[in-house]
Amino acid sequence: MRRPFRILGIVIVVLVIAIAGAMYYFASNVDGIVENLIEEHGSAATGTAVRVDGVSIDLGAATGSISGLTVANPDGFDAEPAIELGNLRLALDAASLFGEPIVIESIEADEATLAIVQSGTRNNLQALLDNLRADAGPEPEPGEAGPRIVIERFALTGATASVAVHELDEQRAVDVPDIVLTDIGARSGGATGKELARQILEPLLREVLESAAAESVEDRVRDELSERADGVLDGLGDGLGNRLGIGDDDDDDGEEDAQ
């Protein structure tokens, strides 16, 4: 009778060692894992390059930060990023970190800058919004979708935006309201990285475009462009505010509260 118990004991020890090894690997590589997930799945959602300068996750304190997160412009626009989110501060649900869904209690962003580039009848943020809605980016490889995640609260405050109209060779500032999204991914039991990128960026882009329209950017362009205005105004009409039909909320899991 001793031999079966002995074998069982050896199996349990091996399992404990394997689990401990997996947890150690995750803990020691979590920064790189998170960075890769953001870049791969963010790029897949937007159809453009999403890059991160650095990630720092403290599993013991259940906190983290993401620095230098940028979203590149779509093809045909300037090489400068369309969106720069600066530094993001994270609060994590420690109990969820080794299960699924992983719960992020909050993400705070207060250094974001966005640049609307109007070129003829097109603008870059509308092109990004179209990519998000069309799900235009490549899908991650099978088995690489990453963990499912719930974000209980995402807050973007103090963001700045600008509108550059190539035909006018000038740039104007645009006010951006604070944006709070809650329970992102909750209804579906967690969202993939690609789904999270869409559910956060869509309302953000909508708010910025609507703000640009509300501040009468189109009227100011009309006054200065004279006979050249028609083509550009068509683009602004197609690219800003409710004229785009951007008020359609689709079926996002997150609920938006723009203040």
Keeping to the stretch 80-103, report how many residues are β-branched (Val, Ile, Thr) and more than 14 Å from the chain's Cα centre (by Cα). 2
Spans of strands (runs of 3 or more DSSP E) in the stretch 150-216 with at least 1 residues modelled with pLDDT under 90 and surrounded by fewer than 21 Cβ atoms within 10 Å (Cβ to Cβ): 160-165, 170-175
If a residue must be small (Gly, Ala, Ser) and either modelled with pLDDT of 70 or more or surrounded by 17 or more Cβ atoms within 10 Å (Cβ to Cβ) (or both), how many such residues does the stretch 131-144 contain? 2
Note: among Val34, Val103, Val50, just one is more than 23 Å from Ala159 (Cα to Cα) and touching a Ser or Thr at 6+ places or on another chain (Cβ under 6 Å), namely Val103
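Matching residues to (1) among the aliphatic types (A, V, I, L, M); (2) more than 17 Å from Leu204 (Cβ to Cβ); (3) touching a strand residue (DSSP E or B) at 6+ places or on another chain (Cβ under 6 Å):
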| site | (1), (2), (3) |
| --- | --- |
| Ser56 | no, yes, yes |
| Leu59 | yes, yes, no |
| Ser65 | no, yes, yes |
| Thr70 | no, no, yes |
| Gly76 | no, yes, no |
| Asp93 | no, yes, yes |
| Ser96 | no, yes, yes |
Scan the stretch 101-127 and report the pairs whose first residue is closer than 28 Å to Val55 by Cβ and whose second residue is among the β-branched types (Val, Ile, Thr) and surrounded by fewer than 21 Cβ atoms within 10 Å (Cβ to Cβ), with Cβ atoms within less than 6 Å and a gap of 6+ or a chain change. Pro101/Ile149; Ile102/Ile149; Asp110/Thr157; Thr113/Thr160
When the stretch 57-71 is examined, which residues are found to be surrounded by fewer than 17 Cβ atoms within 10 Å (Cβ to Cβ) and either outside any strand (DSSP E or B) or among the charged types (D, E, K, R) (or both)? Asp58, Leu59, Gly60, Ala61
Of the residues in the stretch 41-56, those that are charged (D, E, K, R) and either at pLDDT below 90 or open to solvent by less than 20 Å² (accessible area, probe 1.4 Å) (or both) number 0
Residue list for the stretch 72-121, restricted to those being open to solvent by 50 Å² or more (accessible area, probe 1.4 Å), more than 20 Å from Val208 (Cα to Cα) and in a strand (DSSP E or B): Arg89, Glu105
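When you look at Leu128, is it buried (at least 18 other Cβ atoms within 10 Å of the Cβ) and assigned to a strand (DSSP E or B), yes or no? First the steps, then the outcome.
Working: buried (at least 18 other Cβ atoms within 10 Å of the Cβ): yes; assigned to a strand (DSSP E or B): no.
Spelling it out, it is not the case that Leu128 is buried (at least 18 other Cβ atoms within 10 Å of the Cβ) and assigned to a strand (DSSP E or B).
The values are calculated or read from the model by the stated rules, or taken from the named source; none is laboratory data. Every value quoted in this text rests on a predicted model; they were computed, and no experiment measured them. Here the Cβ is made from the backbone with ideal geometry for all residues, glycine too, and neighbour counts use every protein chain on show. Areas reflect the complete protein model, heavy atoms only, side chains present, ligands, DNA and RNA absent. Shrake-Rupley method; radii C 1.70, N 1.55, O 1.52, S 1.80 Å.
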